[in-house]
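Since every read-out is calculated from the coordinates, none of them should be taken as a lab result. This is a predicted model, so every value here is computed, not measured. Here the Cβ positions follow ideal geometry from the backbone for every residue, glycine too, while neighbour counts run over all protein chains shown.
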Amino acid sequence: MNRTTSLEPVNLANWRWQPFLDHAVEVLEEFNPTIYPVPEQFLERAGATGSRAQPVAVHTATWACQTDKLRQVRAACVEAGAAASVLNLVINPSCRFDLPFFGADLVSLPSGHLLALDLQPVDSGDVLHTQPVWNRLLPIFQRWKPRLPDGGPIPAEAQPYFSPGFLWTRLPLGAASDELISSVVFQAFVDYLKLYVQLVYEAVPVVDHRSALLLDGQRRYTRYRAEKDPARGMLSRFHGAEWTEAYIHEVLFDLDRHHPE
Ligand code: DBV
């Protein structure tokens, strides 16, 4: 790979999540996205994991774009064979629109798959913000939820950042899970993204004081995600702690850099 901008396609060999990213990129094309600047050292990064006797190559790539209504769309893509395969996709709306975040965390590790999909509220206590989304998200959630095992509890402090339509499952490695991922999980991903895109189409600008409230909520969410990023350990092992910290703050969860107080 030799990508020079974030908008060029990411194609990782044998990457389990390639169809998911390809679908998202295709859907987003309708909005005529432009490049979201990503420093060259984060566009692509090669590393290694495993033992000295049996090293495993790691490739981490970032796809990103922006549109009028979407401040930043970014996909963190990790392919490390049996050691790890990850697609973490977050869509960060502009605070001028009353929109949730789109969040997908699709993670395959030697211990199994961790799969999370949600339209995450900027402020879970703001009924004006949540209700119109949740009314439309819950039927989709209900459609897919019974077809996947429950992922178990999430920390209480994380609760405000999730919707009641948080689809969250853990699956063991194996052929049965591969089948579930390419059928149920893929269709759920398509449905969550489809609803999100509809909300983006419909969104109209909000007044200034509401925009300021939305920005505050976005900051809380983004700081929480940066602080608690569950990938910190994995990325540090693959690419070093210094690169990882910079990647988290300068690319993955970069709102504070663009909207300093
Ligand atoms: N998670 C990220 C980014 C990742 C990433 C940027 C670049 O936010 C991967 C990669 N998530 C990732 C990895 C793990 C998890 C776990 C590697 C496994 C960590 C490990 O076991 O070592 C959903 N992701 C998780 C967990 C949750 C989520 C609840 C379990 C945390 C734990 O057990 O400690 N992340 C969470 C979530 C969204 C999200 C709901 C959005 C829908 O992105």
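Numbers at a glance
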read-out: Candidates C95, C77, filtered to the one that is more than 9 Å from the ligand (Cβ to nearest atom), surrounded by 18 or more Cβ atoms within 10 Å (Cβ to Cβ) and either more than 20 Å from the chain's Cα centre (by Cα) or touching a residue at least 40 places away in the same chain (Cβ under 8 Å) (or both); value: C95
read-out: For T67: the one exception among (1) closer than 18 Å to L195 by Cα; (2) under 14 Å from the mean Cα position of the chain (by Cα); value: (2)
read-out: Filtered residues of the stretch 101-117 (kept if more than 9 Å from the ligand (Cβ to nearest atom) and assigned to a loop (DSSP other than H, G, I, E, B)); value: P110
read-out: Members of the stretch 123-162 found to be closer than 18 Å to Q218 by Cα, not in a helix (DSSP H, G or I) and not charged (D, E, K, R), listed by number; value: S124, G125, F162
read-out: Condition met for Q120 (within 11 Å of the ligand (Cβ to nearest atom), closer than 29 Å to S183 by Cβ and either touching a Cys at 6+ places or on another chain (Cβ under 7 Å) or polar (S, T, N, Q) (or both)); value: yes
read-out: Helices (runs of 4 or more DSSP H) wholly inside the stretch 165-253 containing at least 2 residues that are surrounded by 21 or more Cβ atoms within 10 Å (Cβ to Cβ) and within 20 Å of the chain's Cα centre (by Cα); value: 186-202, 208-228, 232-239, 241-247
read-out: Among the residues listed as R136, R143, the single one being of a type in the set (K, R) and within 23 Å of E202 (Cα to Cα); value: R136
read-out: Where W63 falls short, out of the listed (1) within 22 Å of D256 (Cα to Cα); (2) more than 14 Å from the ligand (Cβ to nearest atom); (3) aromatic (F, W, Y); value: (2)
